[in-house]
Structure formats: structure tokens, C-alpha cells
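J.: One structure follows; several queries about it will come next.
The values are calculated or read from the model by the stated rules, or taken from the named source; none is laboratory data. Keep in mind the model is a prediction, meaning the values are calculated, not measured. Every residue, glycine among them, receives a Cβ derived from its backbone with ideal geometry; neighbour counts consider all protein chains shown. All accessible areas refer to the heavy atoms of the entire protein, side chains included, with ligands and DNA or RNA removed. Shrake-Rupley method; radii C 1.70, N 1.55, O 1.52, S 1.80 Å.
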Amino acid sequence: MMNRTIRLLGASSLLVACATLAAPGVATAAPTGCSSVYITNGTGAEASCTGGTGTFRIRIDCRTPGQSNTYPRTGIWAHPGLQKSTIWCYSGDLASGKTINYGT
């Protein structure tokens, strides 16, 4: 009985391994050649990507001069090579950090 159980487990493992190898891979989208810069005297930022697929957007942290609290602002989702993602802080505030987010 124990021998039969081991054989069944072995066959199940083989089926799972074969199914994993035969399953199509999940495509991942990734923009390439991406960069970001501060714009308008540090009150905003923009990001662009030169190639790849998928989407990207700029995200900045903004702060009011003289205060330490920040708030996030996020640009539109854009496509590489076609668009830029741009965002500004509210009037009088400055961008204190920027990152590029990637989507699919």
C-alpha cells in the first residue's frame, strides 16, 4: 500500500511539473529609458520613457515652504515614446521628492 502511495505522489508531481513547463508565461510590461526632472523652478516634475511597453507616471511629494509635512501628487499614466507624465504642487509649494511608478 505504501509503495502505491509513493508512485501516485510521484506521478502527481510529474504532472504538475509538466503543466508548469507547458503553461505559457505571463508577459510583463516594462517601460525602458525612463528619466525624470524637476520643472518650473522646483514646483513640479515630469517623467518620460523612450521605449518598452506598459505605462508609467510621475509621483512627487510636495511641501509648503517652512513646513515639514508633505503631500503626494501623481501625474497621468503615460505610454513610452508617446507621452510625458507631468504634475505640479499646489500654488506656492515645492516638490521635495520624485519617483516614477510603473504600470502594465
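J.: Applying the selection to segment 68-88, what residues are farther than 12 Å from GLU46 by Cα and either open to solvent by less than 50 Å² (accessible area, probe 1.4 Å) or of a type outside the set (A, V, I, L, M) (or both)?
T.: SER68, ASN69, THR70, TYR71, PRO72, HIS79, PRO80, GLY81
J.: Kindly indicate the residue of segment 22-39 that is surrounded by 12 or more Cβ atoms within 10 Å (Cβ to Cβ) and at pLDDT below 95 and also nearest to LYS84 (Cα to Cα) among those meeting that condition.
T.: ALA30
J.: Follow-up. If you go through segment 26-80 one residue at a time, how many are among the charged types (D, E, K, R) and in contact (Cβ under 8 Å) with a residue 40 or more places away in the chain?
T.: Here the count works out to 3.
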